[in-house]
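Working notes for the structure below.
The values are calculated or read from the model by the stated rules, or taken from the named source; none is laboratory data. Owing to the predicted nature of the structure, the values given are computational and were not obtained by experimental measurement. In this analysis, Cβ positions are derived from the backbone assuming ideal geometry, glycine residues included, and neighbour counts consider all displayed protein chains. Surface areas here come from the heavy atoms of the whole protein model, side chains and all, with no ligands, DNA or RNA. Shrake-Rupley method; radii C 1.70, N 1.55, O 1.52, S 1.80 Å.
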Amino acid sequence: MPVTPDDVRRVAQLASLELDPDDETRLVQKVQQVVEYVDRLQAVDTAGIEPLAHPYAGSSTPMRPDTARQGLPVDEVLANAPDRFGPFFRVPRMIEEGQDD
Amino acid sequence: MTDRPLTELGVVETAEAVRRGRLRAEEVTRAHLDRIAAVDGRIRAFLHVTGEAALARAREIDEAVRRGADPGPLAGVPVAVKDNICTRGVPTTAASRMLQGFVPPYDATVIERLNAAGAIIIGKTNLDEFAMGSSTEHSAFQVTANPWDESRVPGGSSGGSAAAVAAGEAPAALGTDTGGSIRLPAAFCGVTGLKPTYGRVSRYGAIAFASSLDQIGPFARDARDTARLLAVLAGYDQRDSTSAQEPTADYEGALTGDVRGLKIGLPAEYFGEGVDSRVAQAVREAVAVLKDAGAQVVEVSLPYTSYTLPVYHLVATAEASSNLARYDGVRYGHRTSRRVTSHGDLIARSRGEGFGPEVKLRIILGTFALSAGYYDQYYGKAQQVRRLIKDDFERVLAQVDLLATPTAPTVAFPIGERADDPMAMYMADICTTGANLAGLPALSIPCGFLDGLPVGLQLIGRPFDEATLLRAADAYQRLTDHHLRRPALAAAGAAGGGA
């Protein structure tokens with residue numbers, strides 16, 4: 001399947017990933033290469049084969065009691081935040097004109 | 001207690017000497033810090049060295065021994081930890097600008113277990129960014145050199161951990177393995193590396209790449225040391241919902257040296273196209289050693305082998321695109337300093353700046369495979385073929401106790417040779433991704449040298465039967481000496497002081 005710059009831009013938008021023009025050119029070519037390679041799967045007859053999502057081989061999915069536990073202290077968690085305001089994460093102001101919904 | 005340098009002692013030797021008070025954890029730790037100072041400027045295995053904190057911890061271990069307490073089965077053993085495993089108060093970056101400066105407020109379960117067993121976390125090791133790669137060249141910070149030939153890659157993605165163990169900077173290390181990221185660098189660096197069964201070791205605190213594939217495991221210089229480490233790491237953890245409640249085994253006790261009657265399967269597909277014939281030959285010779293010791297060897301077939309790599313790349317990238325969605329520039333990680341006009345901009349720009357080229361490629365591929373119109377054709381198809389691959393392994397492992405294959409199709413390749421060619425790089429994983437897709441335990445041990453570079457033998461076993469893999473690996477190491485060879489670097493570093 002041919003991969004176009006539009007495909008890469010559309011997927012990057014879905015992935016919330018800003019690409020600069022150099023990224024884009026490089027990615028179109030590389031994505032094309034990998035897609036061509038994985039396309040060999042189309043030759044496998046998988047009619048009636050149940051998809052396998054994970055290989056968990058344990059006898060059953062373990063359950064744990066639903067009991068309250070102490071979380072991490074707020075200050076420790078927020079220590080890695082790019083910006084904070086008291087006990088909150090802070091993001092840049094970005095309400096746009098006319099956005100009142 | 002010995003005239004050998006402390007950096008040449010293994011895990012079991014070190015721990016037993018420290019426990020008996022014949023060796024102080026502090027001198028062991030200091031010897032390894034000195035070694036790191038002497039050689040790591042060339043090897044670049046470490047992103048962070050804990051230094052004083054490691055020495056303070058070592059003194060606690062020594063104090064416990066003086067009081068008559070037993071610090072545990074890893075008493076005084078320095079352990080290097082791949083930098084995608086969270087260490088409380090110690091920077092953890094996944095070798096990504098996205099997480100530069102991130103200091104976890106908690107320890108991964110494996111770190112808690114190592115600490116409880118008396119181990120000393122000596123530093124954090126380099127990797128391909130977010131563990132995506134096979135050479136450690138995709139690190140945002142540095143390229144790690146192979147201690148056997150500094151112009152070559154150590155393999156990846158746990159290249160820093162494997163190189164550290166090979167270079168004598170630590171007797172043991174932790175890695176993660178999603179498609180071969182423990183076994184491939186173990187092979188390229190000539191050390192022992194184990195990817196346990198999916199669910200065997202808790203992943204709580206490991207930075208997620210592909211959740212149906214990722215597994216944490218140990219590196220050491222031989223099977224016995226690896227068994228000691230696995231015994232500490234393995235076991236149920238209620239904080240990881242994929243952690244298995246299966247009983248663990250006496251891994252060291254399983255090392256009887258006896259392989260009589262053990263059935264080893266050689267899958268024909270792992271010895272053909274794409275595999276260097278000299279590597280294939282070295283692996284066959286290694287299997288012959290086990291045969292001479294009484295194992296039975298049979299040819300088997302895994303017909304879907306040629307589909308493992310394409311399935312892996314669809315499954316792994318799809319899961320990665322989902323796992324990496326958490327990096328949004330809001331709660332932790334990189335945030336753009338450019339002016340943004342919407343929340344979407346804030347996220348997209350932060351991600352565009354924070355992620356490196358290989359991570360971007362994989363996010364694009366994974367998002368593509370999951371997107372409307374392509375889901376059935378790519379992700380859905382890959383999941384179906386994944387079942388066929390798992391069925392292949394189940395059928396064959398009903399007939400044999402374990403499989404023997406090359407770990408990698410070649411020996412370590414030169415730095416730069418494949419860095420910009422994704423398909424050439426991905427080919428390094430053709431022998432390893434199957435065990436991840438099927439969730440099976442697999443290990444790599446050195447089984448010879450080609451042009452002075454180590455060759456890896458991979459053993460793949462039944463779910464939760466790491467004991468049989470370790471028994472076979474240990475039996476092989478009792479009969480051979482490849483695992484005892486050290487890179488020439490060892491001599492060069494001995495005189496080193498501070499770099």
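For region B:174-186, the count of residues that are open to solvent by 10 Å² or more (accessible area, probe 1.4 Å) and within 14 Å of another protein chain (Cβ to nearest Cβ) is zero.
A count restricted to region A:1-23 and to residues that are in a helix (DSSP H, G or I), crowded, with 16+ Cβ neighbours inside 10 Å and not aliphatic (A, V, I, L, M) stands at 2.
Evaluate the following for B:ASP420: is it under 29 Å from B:SER139 (Cβ atoms), within 14 Å of chain A (Cβ to nearest Cβ) and open to solvent by 10 Å² or more (accessible area, probe 1.4 Å)? Against the criterion (under 29 Å from B:SER139 (Cβ atoms), within 14 Å of chain A (Cβ to nearest Cβ) and open to solvent by 10 Å² or more (accessible area, probe 1.4 Å)), B:ASP420 qualifies. Residues that are open to solvent by less than 20 Å² (accessible area, probe 1.4 Å) and assigned to a helix (DSSP H, G or I) do not occur anywhere in region B:329-339. Do we find that B:ALA348 is within 7 Å of chain A (Cβ to nearest Cβ), open to solvent by 10 Å² or more (accessible area, probe 1.4 Å) and not basic (Lys, Arg) in this structure? Yes. Restricting attention to region A:42-73, report how many residues are open to solvent by 80 Å² or more (accessible area, probe 1.4 Å) and at pLDDT 95 or above. Going through region A:42-73 one residue at a time, the tally reaches 5. Beta carbons closer than 6 Å, at least 6 apart along the sequence or on distinct chains, pair a first residue in region A:58-69 that is facing chain B (nearest Cβ under 9 Å) with a second that is surrounded by 10 or more Cβ atoms within 10 Å (Cβ to Cβ) for A:GLY58/B:GLY199; A:GLY58/B:ALA244; A:GLY58/B:GLU246; A:PRO62/B:GLN245; A:ARG64/B:GLN238. Cβ separations smaller than 8 Å between residues 6+ apart or across chains give the following pairs from region B:305-318 residues that are within 16 Å of B:PRO422 (Cα to Cα) and within 9 Å of chain A (Cβ to nearest Cβ) to residues that are open to solvent by 10 Å² or more (accessible area, probe 1.4 Å) and β-branched (Val, Ile, Thr): B:LEU309/B:ILE430. Out of all the residues in region B:241-256, is one or more within 18 Å of B:ALA435 (Cα to Cα), in contact with a Lys or Arg (Cβ under 6 Å, 6 or more places away or on another chain), open to solvent by less than 10 Å² (accessible area, probe 1.4 Å) and not basic (Lys, Arg)? The answer is no; no qualifying residue exists. Within 28 Å of B:PHE413 (Cβ to Cβ), at pLDDT 95 or above and either exposed (fewer than 15 other Cβ atoms within 10 Å of the Cβ) or among the basic types (Lys, Arg) (or both): does that describe B:ARG278? Yes; evaluated as a whole, the condition is true for this residue. Of the residues that make up region B:54-65, is at least one within 30 Å of B:GLU137 (Cβ to Cβ) and either within 25 Å of the chain's Cα centre (by Cα) or without any contact (Cβ under 8 Å) to a residue 40 or more places away in the chain (or both)? There is at least one residue in region B:54-65 that is within 30 Å of B:GLU137 (Cβ to Cβ) and either within 25 Å of the chain's Cα centre (by Cα) or without any contact (Cβ under 8 Å) to a residue 40 or more places away in the chain (or both). Would it be correct to say that B:THR2 is at pLDDT 95 or above and within 23 Å of B:GLY72 (Cα to Cα)? For B:THR2, the condition - at pLDDT 95 or above and within 23 Å of B:GLY72 (Cα to Cα) - is not met.
Step by step: first the residues of region A:87-99, then only those that are more than 7 Å from chain B (Cβ to nearest Cβ) and out of contact with any helix residue (DSSP H, G or I) (no Cβ under 9 Å at 6 or more places or on another chain), then the one that is modelled with the highest pLDDT. Which residue is that? Checking each candidate, the answer is A:ARG90. Among the residues of region A:24-56, those that are in a helix (DSSP H, G or I), over 22 Å from the mean Cα position of the chain (by Cα) and of a type in the set (A, V, I, L, M, F, W, C) comprise A:LEU41, A:ALA43.
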